[in-house]
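Every number in this text was worked out from the coordinates using simple rules, so none of it is lab data. Keep in mind it's a predicted model, so treat the numbers as computed, not measured. Glycine gets a Cβ as well: all are built from the backbone with ideal geometry, and neighbour counts include every protein chain shown.
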Amino acid sequence: MTQAIPHVVNRLVIDTHDTFDDVRQRYESLVPTIDFAELVEVIETGDLTRVQAYTTEHTPNSFANFWTLDPMPVMRLSGHQHRAVTYMMGNNVIAETMFRHDPGIILYAPLRTAIYETARGHVQISIDQPSSKFASFGDPRIAEVGEQLDAKLAELLRLMSLPVPPELITV
C-alpha cells in the first residue's frame, strides 16, 4: 500500500542585509558542527543519559550542525559565481521526542538550512518552517514539538540579529 499525504510547507526566506561570509560565520558560531565520530562513541556506551548530556553540551542554542554541503566547486565549473551552502541542523534529543510517536519524522529531522547569494547580490537564509512539516503527521504530540522548534528557530534568528518571520512567533 502507498499513500500520498498532501501538505503545505512554509519556506521561510529571510533577507540578511549582510555579507555571505558574515552570515555564515554567525550561523556556524551559533550552530556548532557536531563531531560525529565523538557522538558515535558516546552512543556506543549505551548510556542514554550520557548521550543526552553530550547533546545538551553541543547544542548551546538548541541546534547542532550534523552535515554541511558546499556545492560551489561543482557550480563554479558551470560558471556560477553566487555562493551557497546548506546545512543539516537539528537536535537528536528533540527529534527522539517525535520519533517515539512516528519514526517517519526522520524525513524532516534534521532541518535543512541554506545560506546563499541571490542574483541581485543579496544574502538570504532559507529554511522550511518546522511546524509546517511536522504537522503533516497528523499527531498532535509531533505537531507540538514542531511548534517548539518554531520558537527555537525564532530564537536562533534573533541571536543572528536577523528578522523573525511572523509565522515563527507564537501568541
Requested in this report: Go through the stretch 12-25 residue by residue and tally those that are within 14 Å of residue 86 (Cα to Cα) and either in contact (Cβ under 8 Å) with a residue 12 or more places away in the chain or crowded, with 18+ Cβ neighbours inside 10 Å (or both).
Outcome: 4
Query raised in the report: Can you name the residue in the stretch 61-94 that is among the hydroxyl-bearing types (Ser, Thr, Tyr) and assigned to a loop (DSSP other than H, G, I, E, B) and is also surrounded by the fewest Cβ atoms within 10 Å (Cβ to Cβ) among such residues?
Result: 78
Query - Hits in the stretch 1-32 - residues which are part of a loop (DSSP other than H, G, I, E, B), over 30 Å from residue 104 (Cα atoms) and touching a strand residue (DSSP E or B) at 6+ places or on another chain (Cβ under 7 Å) - result: 16, 18, 19
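Across the stretch 95-118, which residue is surrounded by the fewest Cβ atoms within 10 Å (Cβ to Cβ) among those that are of a type in the set (Gly, Ala, Ser) and farther than 13 Å from residue 20 by Cα?
Only one residue fits best here, namely 104.
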Query raised in the report: Can you pull out the residues in the stretch 36-60 that are farther than 18 Å from residue 88 by Cβ, more than 19 Å from the chain's Cα centre (by Cα) and part of a helix (DSSP H, G or I)?
Result: 41, 42, 44, 48, 49, 50, 51, 53
Query raised in the report: Can you tell me which residues in the stretch 147-163 are surrounded by fewer than 17 Cβ atoms within 10 Å (Cβ to Cβ) and assigned to a loop (DSSP other than H, G, I, E, B)?
Result: 161, 163
Report summary line: When restricted to 130, 140, the only residue within 12 Å of the chain's Cα centre (by Cα) and not aliphatic (A, V, I, L, M) is 130
Query raised in the report: Under 9 Å by Cβ, and 6 or more places apart or on different chains, what pairs join a residue from the stretch 41-53 that is within 17 Å of residue 64 (Cβ to Cβ) and in contact (Cβ under 8 Å) with a residue 40 or more places away in the chain with one that is surrounded by 11 or more Cβ atoms within 10 Å (Cβ to Cβ) and among the aliphatic types (A, V, I, L, M)?
Result: 51/39; 51/42; 51/43; 51/93; 52/93
Report task. List every residue pair whose Cβ atoms sit under 8 Å apart, with the two residues 6 or more apart in sequence or on different chains, where the first one lies in the stretch 71-94 and is touching a residue at least 60 places away in the same chain (Cβ under 8 Å) and the second, anywhere, is surrounded by fewer than 17 Cβ atoms within 10 Å (Cβ to Cβ) and hydroxyl-bearing (Ser, Thr, Tyr). Result -> 85/68; 87/68
